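In what follows, a structure is listed as structure tokens, so that the remarks can point back to it.
Laboratory data are not the source of any read-out in this text; all were calculated from the coordinates shown. Please read these numbers as outputs of a predicted model, since none were measured by experiment. Neighbour counts are summed over all protein chains in view; Cβ atoms, including those assigned to glycine, are modelled from backbone coordinates with ideal geometry.
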Amino acid sequence: MQLVRVVWALAGAATGLCLVVFFQAHYLREGQLVAGTCEIVTLDRDSSQPRRTVARQTARCACRKGQIAGTTRATPACVDAHIVRSRQWCEMMPCLDDEGCGLLINRSGWRCAQPGGRVKTTTVS
């Protein structure tokens, strides 16, 4: 009896997986993002100034209702919209695990301070 239950459970799981794959293959057009995901579209780096690198990144996101494009763990991600509206950037955990986050004085962005003293500054435009 238990063997029959296990077989039915596995058959149900396999059917569900097939439906998900079918949905993604037939209903999502090529180039369309899955809800809640982001991808980097462009990344430009300028190292012409000594001891300073300016990087500009453009991301494309398909966020769910109540979310907006942001940054989590130094990568593009969908975050709660209230974080962006209130400009409390550190709430979206934009820095890596070993970095400390700090708001810029005018709340136009944030700083990620690494243990060795190196600082990455991000401004929002």
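Here are some notes:
- What the pair-distance distribution of segment 33-94 shows, using all Cα-Cα distances binned every 10 Å from zero, is 22, 43, 26, 8, 0 percent.
- FRET efficiency for V124 and L33, using Cβ-Cβ distance with R0 set to 35 Å, rounded to 0.05: 0.95
- Here segment 75-119 yields Rg over Rh of 0.98, to two decimals, using C-alpha coordinates and the Kirkwood radius.
- Here the label points at L103 and S86, each 7 Å from Cα along the C-beta direction, are separated by 0.9 nm in the simple model.
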